[in-house]
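Notes to accompany the following structure.
Readers should treat all values here as calculations from the given coordinates under stated rules, not as data from a laboratory. Given the structure is predicted, the values throughout are model-derived calculations rather than measurements. Methodologically, a virtual Cβ is constructed for each residue, glycine included, from the backbone with ideal geometry; neighbour enumeration extends over all protein chains shown.
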Amino acid sequence: MTRRPVRLGLRENRAQFTLLVAVNAFVGAMVGLERSTLPLIGREDFGLTSSAAVLSFIVAFGIAKALTNLAAGVLAARAGRRRLLIAGWAFALPVPLLIAVAPSWTWIVAANAFLGVNQGLAWSMTVVMKIDLVGPKRRGLALGLNESAGYGGVALAAGISGLRPTASDQ
């Protein structure tokens, strides 16, 4: 079997690169959706009155993501980037279900720990994979497109999910 020579560059790898940018937009959208809906759920469904308690889901997310990011480099070297990307998405699978059936706020916090692991693996691996595709000369562009897509997804999902119907819409 003959292998094609590896060619670095955005144009040469546009299909894979575009797919990875889309993945990051979806990863960001999941976080954006939560940021606008979970505080409401905490107050209205679970009767949380403390802002610190309501925002505890963000703390759980941040700690889980930070610890996962710390381990992601070593794990990628051992298991491979693709496997970690898939594992990251696997950690996200129970999140909507945990939130939907949560009998207590603790379940919401736990779901966000899973989401933090998802972000630590999926987001980090897409960054590294994009940099691999474009090469060292274009890594700044790869990172910029990655972050733009991811945080654009956060903003778009948070904005859309935060829309409330007006009196004229009802």
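Miscellaneous remarks
- In order along the range 85-100, the Karplus-derived 3J(HN,Hα) couplings, from 6.51 cos²θ - 1.76 cosθ + 1.60 at θ = phi - 60°, round to 4, 5, 4, x, 5, 4, 5, 7, 4, x, 4, x, 5, 4, 5, 5 Hz, and Gly and Pro are given as x.
- Approximating the spin labels as points 7 Å out from Cα along Cα→Cβ, the A79-to-L19 distance works out to 2.0 nm.
- For the range 106-170, size of Cβ-based charge dipole, Lys and Arg +1, Asp and Glu -1, in debye: 260
- Dipole check for the chain: with +1 at the C-beta of Lys and Arg, -1 at the C-beta of Asp and Glu, and the Cα centre as origin, the magnitude is about 1140 Debye.
- Structure-derived Rg/Rh (Cα atoms, Kirkwood Rh) - corresponding label in [x] 1.23; [y] 0.97; [z] 1.06: [z]
- Computed from the C-beta positions of A66 and L10 and an R0 of 30 Å, the FRET efficiency is 0.50 to the nearest 0.05.
- Only Lys, Arg, Asp and Glu carry charge here, each on its Cβ (+1 for the first two, -1 for the last two); on that basis the range 1-91 has a dipole of about 820 debye about its Cα centre.
- Dipole of the chain, positive end: most advanced residue of T2, A102, L115 [Cβ charges, Cα centre]: T2
- Relative contact order (%) - the chain, alpha-carbon pairs under 8 angstrom, separation at least six: 41
- Calculated FRET efficiency for the pair A87/A53, C-beta based, R₀ 45 Å, to 0.05: 0.90
- When the helices of the chain are scored as -39500 (n - 2.57) per DSSP H run of n ≥ 4 and the total is divided over every residue, the value at 222 nm lands at -24500 deg cm²/dmol.
- Label-point separation in nm, V101 to E147, each point 7 Å along Cα→Cβ: 3.9
- Selected from R138, R81, R35 as most flexible by GNM, with the chain as the system and alpha-carbon contacts under 10 Å: R138
- Rel. contact order, % - alpha carbon contacts under 8 angstrom, at least six apart, the range 89-136: 39
- 0 to 90° range, to nearest 10: angle between helix 139-162 axis and the chain longest Cα axis: 20
- Max mean-square fluctuation residue, GNM over the chain, Cα-Cα springs under 10 Å, options N146, N13, N118: N13
- Length gained on full extension, K137 to L40: 30.5 nm, using 0.36 nm per residue less the C-alpha separation.
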